[in-house]
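The values are calculated or read from the model by the stated rules, or taken from the named source; none is laboratory data. Note that the structure is a prediction, hence the values are computed from the model and not measured. Every residue, glycine among them, receives a Cβ derived from its backbone with ideal geometry; neighbour counts consider all protein chains shown. When the accessible area is computed, the model is the full protein with side chains, heavy atoms only, and any ligands, DNA or RNA have been set aside. Shrake-Rupley method; radii C 1.70, N 1.55, O 1.52, S 1.80 Å.
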Amino acid sequence: MNEKKLKKLAIATRAVHLGSEPDPQTGAVTVPIYQTSTYRQEFPGQHKGYEYSRTDNPTRSAYQRALAGLEGADYGLTFASGMSAVDTIMKTYRPGDHIIAGDDLYGGVYRLFSTFYEPLGIELEYVDMFGDFDLEPHIKSNTKMVWMETPSNPLLKIADIENISKVTRAHRIPLIIDNTFMSPAIQQPLQLGANVIVHSTTKYIGGHSDTVGGAIITSDEQLYTKYKILQNSAGAVPGPFDCFIAHRGLKTLDLRMKKHCRNALKIADWLQQRKDIAKVIYPFIESHPHYKIAQRQMSGGGGMISFEISGNREKALEIVSRTELFLLAESLGGVESLIEHPAVMTHASIPQEIREEKGLNDRLIRLSVGIEDADDLIEDLDKALG
Ligand code: PLP
């Protein structure tokens with residue numbers, strides 16, 4: 001089926017077929033791994049669309065088309081990591097530019113902004129943009145971009161993309177959404193008014209904890225052109241095998257996300273019933289402060305749950321070390337369930353007083369719920385909680 005027609009179909013169909021046209025020479029139904037750095041030219045400057053694999057590679061092109069189509073966008077670019085995708089966008093800004101960013105960002109993104117771009121003279125303002133929020137008073141004459149992760153990490157706060165995009169569009173400022181925690185199967189920021197999507201494809205897109213990668217997706221031709229020039233010039237590109245394996249993961253994205261969401265909702269409900277749990281944070285339970293926004297802009301609550309135990313730090317550390325199915329590890333979004341202690345692991349670089357102020361205390365535990373059987377996962381947690 002041609003790409004235009006395919007792009008109108010449901011996400012589960014697009015995920016399987018986009019960028020996966022059978023190979024014209026052999027009929028192979030899977031895009032081959034074009035493990036080549038260069039391409040023979042018929043005559044100087046006459047080639048079949050590929051000159052050098054930093055610039056373009058057929059395995060990467062197919063994967064990029066699939067990703068763009070899933071987010072409902074015209075263009076997709078992939079990178080060697082989520083951080084190199086973030087860095088590519090940041091390289092398009094100059095000293096004196098003002099950028100508004102959410103105040104609950106992935107620590108690595110905050111580190112890149114604060115240790116490299118702020119000292120260069122880029123003005124970064126971190127704002128609590130979650131829930132009922134008015135962006136307008138924060139816009140200045142030199143504001144050049146708004147950057148958001150929703151849900152945030154690890155407190156899973158929800159920003160109202162549509163509401164915020166009304167302001168960014170009125171001021172012609174690009175709104176960039178890091179859609180890593182949701183994936184296009186649950187949340188489609190471009191349809192809600194955002195201009196650019198970023199992914200750590202290491203997480204739900206790849207989905208199997210076996211490759212590191214990133215992506216930038218947009219329908220804005222001018223922005224795409226800038227990012228494409230940087231992708232080729234700086235060269236932080238994924239190799240053909242990484243593109244192949246992430247593209248293979250992408251084909252089951254819809255199926256996996258449905259199971260991640262179903263499992264996580266069941267576990268969140270179960271945690272809520274326990275007396276030894278002080279607080280459960282999951283966007284699709286009614287006690288979540290941004291439940292209404294989540295219901296409006298997401299088709300599921302996702303696979304991430306954070307919860308606070310009633311005990312102390314030592315008890316929390318003990319619990320995360322006792323699970324057997326939930327593996328004690330950083331990262332998220334794979335088929336296997338993971339458990340971690342944000343204050344000691346993923347968010348240790350944030351000073352304790354700032355962590356406490358945000359509600360990220362030492363009793364907080366974060367789960368990345370996988371696609372195993374939900375009852376087996378509950379039994380594992382039940383034993384660990386004691
Ligand atoms: N954005 C978010 C929301 C993340 O969670 C991460 C990594 O955990 C990144 C970006 C960075 O991606 P990577 O680790 O693939 O470089």
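Below, the figures for the structure above:
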quantity: Relative contact order computed over the chain (Cα-Cα under 8 Å; 6+ residues apart), in percent; calculated: 16
quantity: Value of relative contact order over the stretch 286-386, rounded to a whole percent, pairs C-alpha under 8 Å and six or more apart; calculated: 34
quantity: Rounded tilt (10° steps) of 58-70 against the dominant C-alpha axis of the chain; calculated: 50
quantity: Solvent exposure of the chain as accessible area per residue, Å², 1.4 Å probe; calculated: 44
quantity: Listed pairs 157/279; 279/315; 91/226; 5/203; 166/358 exceeding 19 Å between Cα atoms; calculated: 5/203; 166/358
quantity: Protein accessible area in the stretch 306-373, 1.4 Å probe - carbon and sulfur %; calculated: 51
quantity: Helix-only [θ]222 nm of the chain, DSSP H runs n ≥ 4, -39500 (n - 2.57) each, per residue, nearest 500; calculated: -10000 deg cm²/dmol
quantity: Accessible surface of the stretch 152-272, 1.4 Å probe, proportion on carbon and sulfur as whole %; calculated: 52
quantity: Sparse-neighbour loop sites [trypsin sites (Lys or Arg not before Pro); the stretch 1-80; at most 13 other C-beta within 10 Å; DSSP]; calculated: 8, 40, 48
quantity: Förster radius 22 Å - calculated FRET efficiency between residue 383 and residue 336 (Cβ-Cβ, nearest 0.05); calculated: 0.80
quantity: Percent of beta bridges antiparallel (DSSP, the chain, rounded to nearest 5); calculated: 55
quantity: Residue with peak Gaussian network fluctuation, the chain [Cα springs, cutoff 10 Å], from 279, 251, 203; calculated: 279
quantity: The chain: most fluctuating residue of 345, 90, 145 per GNM, C-alpha cutoff 10 Å; calculated: 345
